[in-house]
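Reading through the structure tokens given below for one structure.
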Amino acid sequence: MDGLGNYLAPDHRRCDDYFSAAEAAALQGEWEAAEAQFNHFLAGMQHHFAKEETVLFPAFEQSTHLTGGPTEVMRMEHAQMRGLFQDMQQALASRDANAYAGAAETLLILMQQHNLKEEQMLYRMCDQMLVRESAELIARMNAIAQ
Amino acid sequence: MALAGLSLEQAPPLSVPLRFFLTAPLFAFLAALLLLFSGPTALASRWSPALLAATHLLTLGFITMSMMATLLQMLPVLAGAAVKQPRLVAWLVHVPLSAGTLLLASGLAAGWKIGMLASLPLLAWAMLTFILVAAYSLARTEARNATINAMRLALGALAITALLGLTLAAILAGHAALPALKLTDLHAAWGLLGWVGVLIIGVAYQVVPMFQMTPAYATRITAWLAPWFFIMLLIWSITVWWAEDNAKWVALTGLAPGLIGFALATLSLQRKRRRRAPDITSQFWRMGMASLLAASGIWLVAQFSPALSAAAFYPLWLGMLWIVGFAMSVINGMLYKIVPFLVWLHLQSRRPARGAIPNTKEIIPDKMARRQLRAHGAALALLLCAAVLPNPLVYMAAAVWCVSCALLAWNVFSAYRLYHRLAA
């Protein structure tokens, strides 16, 4: 199976793995491991955001002429997540397990409901509307450097 | 596809879901308080006035109240189906549901016929409005998944429960001559198994994998369980009505395996969770699944053991395990995910300058939630003991339960107060 949804959704699972590994390490006070896992997580998220924000969302907006709609909400949630990444980074730097747990829990809920909306709706809409250009879009997303 | 649902401009104001979540624990507290003041007589039988009243305070005031709000909250995320005029809908459902539940419970507790009858139009209005609003959203969505299907079935079960409830009230008021005992069993089954059970099953498909990062439920479960369960409930109802002696075979082969399978699948997914951080919501869910297993097991045994099914504590155990142990635990756990997140989200959109915004664990601290989890677990255990030995254990059980409900109310209220302090 190819298609935009099947291409993008696995990014979510991969990042989830790094997220839980980082959280588990931070809660056990293994700060270096936590930082390493968090950096994998952050790089994965930024890469995924870049694919969506520079390739998928503009293509969707162009095809639907919807600029204030779903992609705008997705962009806003990306911004909220980036804010929480900073909180988590600060907590890692100051070795503060409580602050890390709180920011991580908040991010988890935000991120999971965001992923759900993408996988249940946005990706499916993209798969319906961007059938013809999907191979080209995937090639362009693949070209984005990690 | 409903694009509008993804747009945040249409996200309802915080007051819409929060009024339900703030009221629900108060109803649970009232139920516990009623038990405390009624004492051992409340547990004399499943038909005692105090127990009937407490049951409706819990099922309508706590469970239905919070499940309606959860459903309205999940529809936009899952189905892209935003509810139009959310403020108006909240008023039209919340006020009559609260007033109707209070009247019905006072009517049942005190044998006050007028109160009971007065509750009926209010409850019917709340149910009808909610069912129409939710059904409209669910009918329009093109999103297809097992949760949405389960929500549709659960709504159908709610409508059936409400109709059976109205019929029972008509019988009690002397306006209809139908077998009240059978109808009560059907009313309880459609409410507890259909509306509560099927909706929790459908919601679990989403939230269990999401928050614990477990694998997804197997497709053979999600595709079949809720429809299978709904159809079995229909067959069971028909059998109860026309061939009651055979109903146990439907329960044995259709209903109980579905419930046990669901509980075991959920526990097994939780064991495979990738997120290892301790999580209070999941602990509530585990308590809920253990209670579900216990309730189904006892029910199964009772089908073949006249001694158990005749025991005075048997129906009480079933009700306590299902309502307090299963439904309340699961909902209580969900509240600790939903309420802090909603407060955080709305603070975020009101105060773009971050930093000053507390995270979800600062909005409801784990310490407070864990304290309430322990109180809830203790209350459940004591209630089960009190069913066997009402005097004097009912006082202890009810007192601990009051504490648990008060702590929950306090935790939700603190989150709301924090929002007001920071958003002002």
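The value given for the range B:21-148 is a Kirkwood hydrodynamic radius of 15.6 Å, derived from the mean inverse Cα-Cα separation. When chain B is treated as a Gaussian network with alpha carbon springs shorter than 10 Å, the biggest mean-square fluctuation among B:VAL16, B:VAL83, B:VAL301 belongs to B:VAL301.
Mind checking the angle between helix A:4-27 and chain A's longest principal axis? C-alpha axes, 0 to 90 degrees, to the nearest 10. With both axes taken from Cα atoms, the answer is about 10 degrees.
Within the straight-line cut-off of under 16 Å between alpha carbons, the aspartates and glutamates reachable from B:LYS248 are B:ASP185, sequence neighbours fewer than 8 places apart in one chain being disregarded. Subtracting the Cα-Cα distance of A:MET81 and A:LEU66 from their residue separation scaled by 0.36 nm leaves 3.1 nm.
Across the range A:4-142, the mean sequence separation of Cα contacts (distance under 8 Å, 6 or more residues apart), normalised by length, yields a relative contact order of 33 percent. Of the residues B:ILE363, B:ILE235, the one with the fewest other Cβ atoms within 10 Å heads the list, and the complete ranking is B:ILE235, B:ILE363. Taking Cα centre as origin and charging only the Cβ of basic (Lys, Arg, +1) and acidic (Asp, Glu, -1) residues, the dipole magnitude of chain B rounds to 1380 debye. Under the convention that each Lys and Arg Cβ holds +1 and each Asp and Glu Cβ holds -1, the size of the dipole of the range A:4-142 around its Cα centre is about 300 debye. When chain B is treated as a Gaussian network with alpha carbon springs shorter than 10 Å, the biggest mean-square fluctuation among B:ALA90, B:ALA302, B:ALA69 belongs to B:ALA302.
Would you mind getting me the FRET efficiency between B:VAL95 and B:SER305? Use the beta-carbon distance for r and R0 = 56 Å, nearest 0.05. Can you show the working numbers first?
Numbers: r = 46 Å, r/R0 = 0.81.
It comes to 0.75.
Selection among B:GLY39, B:PRO278, A:LEU56 by position relative to the dipole of the protein assembly as shown gives B:GLY39 as farthest towards the positive end (Cβ unit charges, Cα centre). Defining a contact as two alpha carbons under 8 Å apart and six or more residues distant in sequence, what relative contact order in percent does chain B show? Reported as a whole number, the value is 18 percent. Can you give the FRET efficiency to the nearest 0.05 for A:ASN98 and B:HIS420, using r as the Cβ-Cβ distance and R₀ = 25 Å? Rounded to the nearest 0.05, the efficiency is 0.55. Taking the range B:22-112, which chymotrypsin sites (Phe, Trp or Tyr not before Pro) meet the DSSP loop condition and have no more than 16 other C-beta atoms within 10 Å? In loop regions of the range B:22-112 (DSSP not H, G, I, E or B), the sparsely surrounded chymotrypsin sites (Phe, Trp or Tyr not before Pro) are B:TRP47, B:TRP112.
What ranking do A:GLU133, A:GLU105 get, fewest neighbouring Cβ atoms within 10 angstrom at the top? Don't skip to the answer; put the middle values down first.
Details: A:GLU133 14, A:GLU105 23.
Going from least to most buried by this count: A:GLU133, A:GLU105.
Of the listed pairs A:LYS117/B:LYS367; A:LYS51/A:LYS117; A:LYS117/B:LYS84; B:LYS272/B:LYS337, which have alpha-carbon separations greater than 23 Å here? Exceeds cut-off: A:LYS117/B:LYS367. Computed from the C-beta positions of B:ARG46 and A:ASN39, the FRET efficiency with R₀ = 45 Å rounds to 0.15. Shown for chain B are the DSSP H helices of 15 Å or more along their axis, judged by Cα atoms, with a mean Kyte-Doolittle hydropathy of at least -0.5: B:15-38, B:65-79, B:86-110, B:113-140, B:146-172, B:199-212, B:219-242, B:256-271, B:280-304, B:329-350, B:366-388, B:390-423.
Per the Kirkwood treatment, what hydrodynamic radius in Å, one decimal, follows for the range A:4-142 from the mean inverse distance over all distinct Cα pairs? In the range A:4-142 this quantity evaluates to 15.7 Å. When chain A is treated as a Gaussian network with alpha carbon springs shorter than 10 Å, the biggest mean-square fluctuation among A:HIS40, A:HIS48, A:HIS65 belongs to A:HIS65. Distance between Cα centroids, the range B:146-221 to the range B:389-424: provide it in whole Å. Using only Cα atoms, the two centres lie 26 Å from each other. Legend: ranking of residues A:LYS51, B:LYS248 from fewest to most surrounding C-beta atoms inside 10 Å; resulting order B:LYS248, A:LYS51. In chain B, helical runs assigned H by DSSP with n ≥ 4 each contribute -39500 (n - 2.57); averaged across all residues and rounded to the nearest 500, the mean residue ellipticity at 222 nm is -25000 deg cm²/dmol.
What length, rounded to one decimal in nm, is gained on full extension from B:HIS175 through to B:ALA135, with 0.36 nm per residue of separation minus their alpha-carbon distance?
On the way: separation 40, 0.36 × 40 = 14.40 nm, distance 3.09 nm.
Full-extension gain reported as 11.3 nm.
Calculate, in nm to one decimal, what B:ALA218 and B:ILE238 gain on full extension: separation in residues at 0.36 nm each, minus their alpha carbon distance.
Numbers: separation 20, 0.36 × 20 = 7.20 nm, distance 3.05 nm.
The B:ALA218-B:ILE238 span can extend by a further 4.2 nm.
Reducing the range B:327-349 and the range A:1-28 to their Cα centroids gives an inter-centroid distance of 23 Å.
When the range A:4-142 is described by a simple charge dipole with +1 on each Lys and Arg Cβ and -1 on each Asp and Glu Cβ, the residue from A:PRO70, A:LEU84, A:GLY44 located farthest towards its positive end is A:PRO70.
Bear in mind that the values in this text are calculations on the coordinates, not laboratory data. The structure displayed is predicted, hence computed values, not measured ones. With ideal geometry, Cβ positions are generated from the backbone for all residues, glycine too; neighbour counts draw on all protein chains shown.
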